[in-house]
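> Dumping the structure here so I can ask a few things about it.
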Amino acid sequence: MQMKSATEFGLAAVNIGVDSDDALESACGFWGEVLGVQLEDWGSGSRQVVLGEGDAIGFLNIRVRSADEPQYGHKSAFGLGVVGLDEAHQRALAAGATEHYAPTDGENMPRHSRFADPVGNRVVLWESAK
């Protein structure tokens, strides 16, 4: 089976909503450890980091959400491509992730793993080539 691509689209942003300042600190600390870079406050009260480089960038945004905003009261599920899947998965576990499954070869899909971050989001890491 050949995977189809929507080549005119790319990841623009992953938005994680949390319900308290404590959850914000926990989520930012976790993602800073996994990504190897601390998230920054760019002036909106949320924390951000650029994912990727050049023309192929996206953003990870985390902030406390009120009840009338998107990303409030539910968890996210998303996947990120990463060079060095095994190492990134281990960093996630060391930073406090709950493992759903270790890096594995999938049928008709790239090598991948899955975990939950400390605020309950389900994340799949997909092995990618640089």
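Values in this text are rule-based calculations from the coordinates and carry no lab data. Values in this document were obtained by computation on a predicted structure and should not be read as measured data. A quick note on method: Cβ atoms are made from the backbone with ideal geometry, for glycine too, and the neighbour counts reach across all protein chains shown.
> Determine the percent antiparallel among the DSSP beta bridges restricted to the chain, to the nearest 5.
Antiparallel bridges: around 60 percent, rounded to the nearest 5.
> Further, regarding this structure: In degrees, nearest 10, range 0 to 90: what is the angle between the Cα axis of helix 85-94 and the longest Cα principal axis of the chain?
With both axes taken from Cα atoms, the answer is about 30 degrees.
> Longest exposed-loop-site-free stretch of the chain, with GluC sites (Glu not before Pro), DSSP loop and at most 14 other Cβ within 10 Å?
No qualifying site falls inside 9-106, the longest such stretch.
> Let me ask something else about it. If you place +1 on the Cβ of every Lys and Arg, -1 on the Cβ of every Asp and Glu, and leave all else neutral, what size is the dipole of the chain about its Cα centre, to the nearest 20 Debye?
Computed about the Cα centre, the dipole is about 280 debye.
> How far is helix 21-35 tilted, in degrees, relative to the longest principal axis of the Cα atoms in the chain, given as a value from 0 to 90 rounded to the nearest 10?
Roughly 30 degrees between the two axes.
> Name the residue from 24, 73, 120 whose Cα lies farthest towards the positive end of the charge dipole of segment 23-130, charges +1 on Cβ of Lys and Arg and -1 on Cβ of Asp and Glu.
The listed residue farthest towards the positive side: 73.
> Let me ask something else. Pull up all non-local amide H partners of residue 80: gap of 5 or more, or a different chain, and H-to-H distance under 5 Å with H placed in the peptide plane.
124, 125, 126
> Moving on to the next point. Using the number of other C-beta atoms within 10 angstrom as an exposure proxy, rank 9, 78, 115 with the fewest first.
9, 78, 115
> Another one. For segment 1-65 and segment 67-112, what is the separation of their C-alpha centers, rounded to whole Å?
Comparing the Cα centres of segment 1-65 and segment 67-112, I get a distance of 13 Å.
> For residue 39, enumerate residues with amide H under 5 Å from its amide H, sequence gap 5+ or separate chain, H modeled in the peptide plane.
The list, which skips near neighbours in sequence, is 32.
> What is the order of 55, 86, fewest Cβ neighbours within 10 Å to most?
Sorted ascending by nearby Cβ count, the order is 55, 86.
> Taking only the Cα atoms of the chain, how large is their convex hull per residue, in Å³?
In the chain, the Cα hull volume divided by residue count equals 128 Å³.
> Okay, moving on. Can you compute the helix-only [θ] at 222 nm over the chain? Use -39500 (n - 2.57) per DSSP H run of at least 4 residues, normalise by all residues, nearest 500 deg cm²/dmol.
-6000 deg cm²/dmol
> Tell me which residues come under 5 Å, amide H to amide H, from residue 16 once H is placed; ignore anything under 5 positions away on its chain.
When sequence neighbours closer than 5 places are left aside, the close amide H contacts are 61, 62, 63.
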